[in-house]
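A short worksheet on the structure shown next.
The values are calculated or read from the model by the stated rules, or taken from the named source; none is laboratory data. For clarity, every value in this text was computed on a predicted model and none was experimentally measured. Using ideal geometry, Cβ is built from the backbone for each residue, glycine included, and neighbour counts are taken over all protein chains shown.
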Amino acid sequence: MTAGEIVRLMNQEDRLVAAAVGRELGAIARAVDAIVGGIRKGGRLIYVGAGSSGRMGVMDAAECPPTFGVSAKVVRALIAGGRRAITRAVEGAEDSKRNGERDLRGIRMTPKDVVVGIAASGTTPYVLGALKYARTRGATTVAVTSNLRMPVGRVAKIVIAPEVGPEVLTGSTRLKAGTSQKMVLNMLSTAAMARLGHVYENLMVDMLLTNEKLAERALRILAEASGKSVSAAEGALRAGGHDMRVALVMLKMGVGAAESRRRLKGARGDLRVVLGNNRMN
């Protein structure tokens, strides 16, 4: 095949992924509700995977603190083989059920946590061991797999199984299966954080301003959300100690930083309550 033929075939196959994920929206929504409930009780979202699947979990967990302003402790990711496995293959790391249990013990998993096992094949021992341990400890278990009929589907309480079909490169689950995993994890974390109030409408009002690009983005978000000028947004953000929630309340309600903080504290940080916006509830 020519290069053009290869990429055309891959593109045709990739078009099947969104439809496969679409057939799992009910299960994904149930998992989101479980994650929201767990975090509200003080629990965590914990991804568990091996190889490419594990790296998907690591990537999604790493993006939550800068995007939603949550602690890195709220969304965790465990990958078979540990940190070394993020950038290179660790042979045999996924073959131990005991290691999956051990790693969950290591982060002191509790019944309030939601454990999401990611395993395209549905048979990864590391993931199965983690899910079985989580279940015995009373935690909510979720499986993200490409094969509903495999063992992981019988262990987890909620099973998300987009059936994407054979890979272009036989057995290479980093392709369509990996794409479906990325889409599902995006939904789990984004929808959960939205339900927990870490976004305002469709705007990232809790993101961390860790560089100039994000600081500029914050000003545009505040201006759009408040209907005020960028210069007014800049002044409010500075007066509010670079806290976007504080700045937004200042801009929309015409109050100072101290009053903004007082109102947010009274509403437990919920912008929808402070601003009287119930469209997302």
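Might you let me know whether the stretch 213-233 holds any residue that is over 30 Å from Leu9 (Cα atoms), outside any helix (DSSP H, G or I) and out of contact with any Leu (no Cβ under 7 Å at 6 or more places or on another chain)?
Yes, because at least one residue in the stretch 213-233 is over 30 Å from Leu9 (Cα atoms), outside any helix (DSSP H, G or I) and out of contact with any Leu (no Cβ under 7 Å at 6 or more places or on another chain).
Does any residue of the stretch 250-261 turn out to be in a loop (DSSP other than H, G, I, E, B) and among the β-branched types (Val, Ile, Thr)?
Yes, the stretch 250-261 contains at least one residue that is in a loop (DSSP other than H, G, I, E, B) and among the β-branched types (Val, Ile, Thr).
List the pairs whose first member sits in the stretch 245-270 and is touching a residue at least 60 places away in the same chain (Cβ under 8 Å) and surrounded by fewer than 21 Cβ atoms within 10 Å (Cβ to Cβ), whose second member is assigned to a helix (DSSP H, G or I) and not basic (Lys, Arg), and whose Cβ atoms are under 9 Å apart, counting only residues at least 6 apart or on separate chains?
That search, which allows pairs on different chains as well, returns Asp270/Leu264.
Any idea which residue in the stretch 46-70 is farthest from Thr110 (Cα to Cα), counting only those that are surrounded by fewer than 23 Cβ atoms within 10 Å (Cβ to Cβ) and in contact with a helix residue (DSSP H, G or I) (Cβ under 7 Å, 6 or more places away or on another chain)?
So the residue we want is Ser52.
If you check every pair at least six apart or on different chains, which have Cβ atoms under 8 Å apart with a residue in the stretch 190-219 that is within 15 Å of Arg245 (Cβ to Cβ) first and a residue that is in a loop (DSSP other than H, G, I, E, B) and of a type in the set (Lys, Arg) second?
Qualifying pairs under 8 Å: Glu201/Arg279.
Can you pull out every residue in the stretch 90-102 that is surrounded by 13 or more Cβ atoms within 10 Å (Cβ to Cβ) and either in contact with a Gly (Cβ under 8 Å, 6 or more places away or on another chain) or not assigned by TED's automatic domain parsing to the domain that holds Val36 (or both)?
Val90, Ala93, Glu94, Ser96, Lys97, Asn99, Gly100, Glu101
Would you please name the residue that is nearest to Lys182 (Cα to Cα), looking only at residues in the stretch 96-135 that are polar (S, T, N, Q) and in contact with a helix residue (DSSP H, G or I) (Cβ under 9 Å, 6 or more places away or on another chain)?
Of everything passing the filter in the stretch 96-135, Ser121 is nearest to Lys182 (Cα to Cα).
Here are some residues: Gly138, Gly117, Gly122. Which one is small (Gly, Ala, Ser) and surrounded by fewer than 23 Cβ atoms within 10 Å (Cβ to Cβ)?
On inspection, the qualifying residue turns out to be Gly138.
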